[in-house]
1. Just subtract the alpha-carbon distance of Gln265 and Leu130 from 0.36 nm times their residue separation and send over the number in nm, one decimal.
2. Could you put Val30, Val8 in order, starting from the residue whose Cβ has the fewest other Cβ atoms within 10 Å?
3. Taking a spot 7 Å from the Cα of Thr99 along the direction of its beta carbon, which residues of the range 1-39 have an amide N less than 12 Å from it?
4. Does a label point 7 Å from the Cα of Gln179, set along Cα-to-beta-carbon, have any residues of the range 45-81 with amide nitrogen under 19 Å, and which are they?
5. Considering the convex hull of the alpha carbon atoms of the chain, report its projected area averaged over all viewing directions, in nm², one decimal.
6. Within the range 273-288, which residues have the backbone N less than 19 Å from the label spot 7 Å out from Asp245 along Cα→beta-carbon, could you tell me?
7. Between the helical axis of 141-165 and the dominant principal axis of the chain, each derived from Cα atoms, what acute angle in degrees is found, rounded to the nearest 10?
8. For the range 103-254, with the dipole built from +1 on Lys and Arg beta-carbon atoms and -1 on Asp and Glu ones, taken about the Cα centre, which of Ala202, Pro141, Gly166 lies farthest toward the positive end?
Amino acid sequence: MMNSREIVRRTLEYDRPDRVARSFGDSDFVDCGNSVKTQATDWTPVGGGRWRRVDEWGNRWARVDETSKGEVVKGVFDSPADIAGYEFPDYSNAADYATVAARRAEAPDKWLVGNMPGFVFNIARKLFKLEDYLVYLLIEPAPMRMLHDRIEAMLAEMIRNYAAAGVDSVMFCEDWGTQKQTLISPDLWREEFFPRFCRLCATAREGGIKVFMHSCGAIGSIVGGLAEAGIDLLQFDQPQLHGIDALAAHQEDRRITFWCPVDIQTTLQTRDESVIRAAARELLDKLWRGRGGFVAGYYGGNEAIGLDRAVQDWACEEFLAHGTQARYGEGFPSPGVRSPGD
């Protein structure tokens, strides 16, 4: 029997894992962080049902619900003139990644994921009001590129240290879309951010590790670019927003793996057992098929989206029952061999 680490490796390589990889129950994944000193504080209640915290960069966050992830309400910068004097946390010290070895010792057979605070966009956009940041991208490109360069260099150091410490992959969250489109034009994304994705993914490859990315929103226009840049896995909580067939089309050249629960905004909200079970099987039928390329996901915030745990358990039961080689093993050719219509 393959252990979790082998299951995930084969999933990413489309090399027929024994079963579908999963992030629930006896999960195949273990997360780890680092001990870098930053400005981060815990959430603190401030009355009136409101909470506040400071993140690692010094941005102030707020939320009105204990289950919410909140949002930045005051960034560090008021204008690009503030960029030059800002000092980022120092992620270059290898000793700050000793936590990786400890996690590996605790779970030697699991796929070890080094958590990152985002790539360039996720960090930069929080340092301003979001609307101001998007405007400055267009009207103040020189200082914004300087900021992006500094963030990229910092992230490259983090990736190298995680790789040296022994993770199997790094993972970051970077929401690029609204419910209808990307937050910036695909052309601007290609010009300013695609080269940075390429360089950071190349740094990971040089260290022998994979790159996982979570993103929310309708980012179909850049999924191909992310795969081209070297993103190995995309984690989507709203696969129906993209369309399962559209995601499957991105797998035709076998460059990308998708990690998804049953859609949290539409399908799970039906609370209809038959609909949810069918949706789980559709993800397996179209994205996994016994070859790999799909991780069965689980959304960890049932309370935040108003669901009883049992609703997601129906999906998990389908993933466990049907995500096996016994069902799909003969239905897909060996890696590198295409069948008619595949």
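1. 46.2 nm
2. Val30, Val8
3. Inside the label zone: 31-38.
4. 68-71
5. With every direction weighted equally, the projected area is 18.0 nm².
6. Residues 278-288 fall inside that zone.
7. 50
8. Gly166
Every number in this text was worked out from the coordinates using simple rules, so none of it is lab data. Since the model is a prediction, treat every value here as computed from it, not as a measurement. Neighbour counts are summed over all protein chains in view; Cβ atoms, including those assigned to glycine, are modelled from backbone coordinates with ideal geometry.
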